[in-house]
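The values are calculated or read from the model by the stated rules, or taken from the named source; none is laboratory data. Predicted model, so just to flag it, every value in this text is computed and none were measured. So basically every Cβ, Gly included, is an ideal-geometry build from the backbone, and we count neighbours across all protein chains shown.
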Amino acid sequence: MRTVAAVARAREALMLSDVSPDEDGTTAPPGRQRPPADRAALRGDLRSALPDATAAVVVTALVFAFLYARMESGASDTVAVMPFMDDAGTYWMYLLSQAFGWSGLLWAWGTVMLGLLLSGPRPTRLPVSRRVLERWHRTTSLTTMALMTAHALMFAAELVRYETKVGWAERLWVGFADSFVPGWYDSGTGRVAIPLGQGALYLAIPLGLLFYVRHRIGANTWRRLHRFVIVVYVLSVWHTLLYGTNVWYGEWPRTVLWLLQVPVALLLLTRLLRPARRAERLGRPGGGAARSGWWLRVAGRAAAGAVVIGLVAVVVSGRDGGRDRPSHPPATAPHSQETD
Ligand code: HEM
């Protein structure tokens, strides 16, 4: 006879699986052939991501047009930081890289918010079903990976175009190494900011795609690893705050970027305080290893609370790490080209 606890556990497992039982395949009745879930699920999600990816391309095009127009009009912050770039026609690939960076960050924001919404306390009323939210979470994370990759690729393409004084093989190598080899880029703020971006990209892809092999690695392993996706998001925002020339100065675009992090931190805190999975609730401290795990969880919740307070303090005080806009062209700029 099934006990009440066993029924509750089974119900929770069903409710909290990240896909519906049918899709997941793990709950198929005995005797029924499990579908080749991994590849089928990825193929299905890639198909479902098409409208999402189309919207991302439209957003990228709009951001590109905006950045292009600002460069043409002389209002570009990128040009204020790097005056040699005052030619939108020549530096269009750089602008496109920036545009992909912004759409990538926006999609990363959206997919992280959806993920936290799904793993935290259940909202009493949702505009769409939980299943649809789960699908959006998966498709937006696939789109985010593509946008991040496009951002880095366009930056590499711009470096290849820029290096006209050497042969093609060296141009390709320089573009690739500066963009994709951690520690290779050796100029200015980029020495730190580029590896942060690379770290985000290189973590995002495996952590995002692990979902599609969770049958092989086990749902628990997948769940444990998937949590680290928040690190991808933190690295992306850190990279942008450190390196984005359009948020270089301590003005409203930078404030908005900080402000957008408040709901993420609030949702993260709520998700930690009231996780949807019973097993993740804080409960009472146990003994031995359980006690140290309990303290770790308390520390995680305290850190998330401190981040919320820190973010509000940054936004209210305006002390957001932005530079003062110089009245003359700066002596130093973030990228290697400025020294040429
Ligand atoms: C291989 C990894 C990466 C490389 C080589 C890279 C390169 C760069 C460079 C050179 C800039 C400065 C552009 C400027 O002048 O403003 C930049 C800015 C930026 N990056 Fe990345 N990045 C990488 C990863 C990422 C990731 C994972 C994200 C997250 C979506 C991201 C989002 C951004 C954003 C939003 C900006 C600001 C653009 C602007 O100010 O207009 N980057 N990145």
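Checked against the criterion of being under 27 Å from residue 267 (Cα atoms) and either surrounded by fewer than 22 Cβ atoms within 10 Å (Cβ to Cβ) or free of Cβ contacts under 8 Å to residues at least 24 places away in the same chain (or both), the candidates 138, 130 yield just one match: 130.
The condition of being within 15 Å of the ligand (Cβ to nearest atom), at pLDDT 95 or above and not acidic (Asp, Glu) does not hold for residue 46.
Scanning the stretch 212-252 for residues that are free of Cβ contacts under 8 Å to residues at least 60 places away in the same chain and within 12 Å of the ligand (Cβ to nearest atom) returns 231, 234, 235, 238, 239, 242.
Here is the figure for the stretch 138-155: residues that are more than 11 Å from the chain's Cα centre (by Cα), over 20 Å from residue 93 (Cα atoms) and of a type in the set (S, T, N, Q) total 1. Checked across the stretch 255-267, the condition of being surrounded by fewer than 16 Cβ atoms within 10 Å (Cβ to Cβ), modelled with pLDDT under 95 and more than 16 Å from the ligand (Cβ to nearest atom) holds for no residue.
Restricting attention to the stretch 109-127, the residues that are surrounded by fewer than 20 Cβ atoms within 10 Å (Cβ to Cβ), small (Gly, Ala, Ser) and closer than 20 Å to residue 203 by Cβ add up to 1. Screening the candidates 212, 233 for the property of being within 11 Å of the chain's Cα centre (by Cα) and of a type in the set (Phe, Trp, Tyr) yields one hit, 233. Of all residues in the stretch 176-194, those satisfying the criterion of being within 10 Å of the ligand (Cβ to nearest atom) and assigned to a helix (DSSP H, G or I) are 178, 179, 180, 190, 193, 194.
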